[in-house]
Amino acid sequence: MSALDKIKENIKEFKPTSWAVANKTTIYLLMLIITLWGGSKFFTLPKEQFPDIVIPNIYVQTIYFGNSPKDIENLVTRPIEKQIKGITGAKIKKFTSTSQQDFSAIIVEFDTDVKTDIALQKVKDAIDKAKQDLPKDLTEEPTALEVNLSDQPIMYVNLSGDYDMMRLKKFADDLQDKLEELPQINRIDIVGAPEREFQINVDNYRMQAAGVTFDDINAAVARENMDISGGLLEVGSMKRNLQLKGQFKTAYDIEKVIVRNSAGAPIYLKDIAIVKDTAKNVESFARLDGKNVVTLNIIKRSGENLIETSEAIQKAVAEAKGVLYPDDLKAVITGDTSIQTKASFNELVNSIVIGFILVLFVLMFFMGVTNAFFVALSVPLSMFVAFVFLPAADLIVGTHVTLNFIVLFGLLFGLGIIVDDAIVVIENVHRIFVEGKGKVSIERATKMAAGEVFVPVLAGTVTTLAPFFPLLFWPGIIGSFMIYLPTMLIFTLAASLVVAFIMNPIFAVDFMNHPEGKKEPKSAIFKKPYFWVAIGVGIVLDLMGYTFVGNLLICFMLLVLLNIFVLEDAVHKFQNKVLPWIMGHYEDLLRWALKGWRPVHLLLGTVGLLIFSIMIFGLSVSSGRVGIAFFPKGDPNQIYVYLKLPVGTDVKYTDSVTKTLEAKVNKVLGID
């Protein structure tokens, strides 16, 4: 039945498309708003390497100086473990404990259904019950902390140079104060810096002669080392806070402490002891390129933009050089996680642009340049529509959605699928419009085409999404990661439906019905003002530093030239010679396949091939020829060298062996 005959019948229309065709100005304005809004959301959405996953793991640490690993296990670890085992109301999968010299660590892993705040409270309650069995003189009370991926450092700032460790620590403290002023920073931990320590070396004979005990010295030092508030003091019309500063700043302050005052003869601490301002015994060494190093671990706030935070830190470190630390001090940033995130973000932008160009290039051979352009526009438009409604994804995921590598993968995965709906709609509009031979208006053809294909297009989209829906209910930590993939596919494919049935038909109505008229010569493009304006604007944007937009404009103009001088003739030849030949041979093949019992044979053969493939795959997996991995292995960009010496080896001896190993590694790498 021809398209003209269909008009005479009661044609089923898709009402949203019919409304859009009747309100084109509104749709164009809506597209402009969505483009600006979606683009703004895309570029301002926080960018992170990993999703902000909440892991119901609780870490318990206890410090008790002067005890061996065996004593730590018996006195600290076992009593806490006993109470943790008795936790009810929250399922514990497992817990592991480590007892080391002066230190106990326990990691409690709860079931993924348990909320982190509940798990943390349960562990704190267990610690409170265990305190009655713990030593009363613990150096530090047991503390329970939740394991949070957002608390992992995003980069490391390493300060190294020919300075002693105390001066390096001073430079690190100044830089820490500077960086913590950034609003994106949660905290900064200094690692590898010596810890200041005041040593009170008591002369036992003088102490006995003065009749002083260790408890007297401890009480006197504790009593004097504090700041005391004196309340408010009225000074005229003002009230001033009165405070007595008593905390020790130097060794001289400690020497002046009066330990005992008997019969008007005070005994100062300096009379019975020697006070030293020094550092704690070194328990670890760190070097960068053979020089002492102090490292600042940078931890950003949850939900902040990783790339912007990294750039702000690098700028602050560069500005601090020569101000907060000397010019000959080396500040090296390592472990910057924003590098991979920035690369993924740029790849997504490039993929959208390249996807648009490739879709346009391929479809123009089958649908013509104009129709192909309509379809290719569905790539960026679908992305923009998806980002406009992305805040609704928070309800599915259960947390704020950021641009992380799973989200980016989902967007890249959907790039090749979102054009399918637009292809079907535009091709059907073109077919009805051409078959009408001028007797069917483009508005009527558009409404008819959308009404004909809406149900099959919707069914095709739903069946595409169906295999991904179970991922929404994947339990465990892996499920918390993978939920972003089906979520992004749902939003992008739903957006492609909106674009295909609301926006693409408007392009068809306004551009598909224009008559070709007299064909201009190919050189006429160079007389068009828009061509030179676009080239000029692109060059100016490149010079101003906006290389992406500038190169994009220049690229589009080069594609226009390529289309006019090369592709136009190739497309015409393909549509009039190659495509009919392909369709003719396909028709012959189809007639052959549908003759007699061949359809049954082909169906049985396909089912048999499927069963055979499953058997071969199963045998390959069971025999080990084909491995199964959650993510494919990639080549690492760094190498770790581990050196293990017997338990009890002195740390200085270990450092000397490490220096020898460093020299051999540098020789292999060709580093002097």
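Each reported figure results from applying straightforward, stated rules to the coordinates on display, with no laboratory input. All values derive from a computational prediction rather than experimental measurement. Please note: Cβ atoms are built from the backbone with ideal geometry, for glycine as well, and neighbour counts cover all protein chains shown.
Which of rounded, prolate, oblate describes the range 96-222, given a ≥ b ≥ c as roots of the alpha-carbon gyration tensor eigenvalues and a/c under 1.5 marking rounded, otherwise prolate only if a/b is larger than b/c?
Taking the square roots of the gyration eigenvalues as a ≥ b ≥ c, the range 96-222 is oblate.
Ignoring everything except DSSP H segments at least 4 long, calculate the 222 nm mean residue ellipticity for the chain; use -39,500 (n - 2.57) per segment, divide by total residues, nearest 500.
-16500 deg cm²/dmol
Summing Lys, Arg as +1 and Asp, Glu as -1, what charge do residues with Cβ under 13 Å from the Cβ of residue 333 carry, residue 333 excluded?
Residues close to residue 333 contribute a combined charge of +1.
For the chain, take the longest principal axis of its alpha carbons; what is the angle in degrees between that and the long axis of helix 165-179, to the nearest 10 within 0 to 90?
Between the helix axis and the principal axis of the chain, the angle is about 50 degrees.
Provide Rg over Rh for the range 196-279; use the alpha carbon set for both Rg and the Kirkwood Rh (inverse mean inverse pair distance).
Radius of gyration over Kirkwood radius for the range 196-279 works out to 1.13.
Which of 82/131; 93/122; 12/447; 122/300; 85/129; 15/41 have a Cα-Cα distance over 19 Å?
Pairs exceeding 19 Å: 122/300; 15/41.
Among 289-300, 554-565, 451-462, 197-208, how do they line up from the highest to the lowest mean number of other beta-carbon atoms within 10 Å?
Answer by packing, highest mean first, reads 289-300, 451-462, 554-565, 197-208.
Hey, which lysines would be in cross-link range of residue 256, C-alpha to C-alpha under 16 Å, not counting anything within fewer than 8 residues on its own chain?
245, 270, 276
Could you sort 216-222, 267-273 so that the peptide with the highest average Cβ count within 10 Å comes first and the rest follow in order?
Those peptides, ordered most packed to least, come out 267-273, 216-222.
May I ask you to sort 547, 77 by Cβ crowding, counting other Cβ atoms within 10 Å and putting the fewest first?
547, 77
Give me the angle, in degrees from 0 to 90, between the Cα long axis of helix 338-367 and the longest principal axis of the Cα atoms of the chain, rounded to the nearest 10.
It works out to around 0 degrees.
When mean projected area of the Cα convex hull in nm² is calculated directly from the model, which label among (i) 51.1; (ii) 42.7; (iii) 45.7 fits?
(i)
What distance in nm separates the simple spin-label points at residue 113 and residue 215, each placed 7 Å from Cα in the Cβ direction?
If labels sit at residue 113 and residue 215, their model points lie 5.5 nm apart.
For residue 527, which lysines qualify as cross-link partners when the Cα separation must be under 16 Å and same-chain residues fewer than eight apart are set aside?
519
Using Cα-Cα distances under 8 Å and only pairs 6 or more residues apart, what relative contact order does the chain have, in percent?
Rounded, it is 16 percent for the chain.
By a straight-distance test (C-alpha under 17 Å), which lysines pair with residue 170 as possible cross-link partners, with residues fewer than eight away in the same chain excluded?
The reachable lysines, counting only those whose Cα sits under 17 Å from residue 170, are 178, 249, 280, 291, 321, 330.
Give the angle, between 0 and 90 degrees and rounded to the nearest 10, that separates the Cα long axis of helix 598-623 from the longest principal axis of the Cα atoms of the chain.
Compared with the principal axis, the helix lies near 20 degrees.
For each of 356, 574, count neighbouring Cβ atoms within 10 Å of the residue's Cβ, then give the residues from fewest to most.
574, 356
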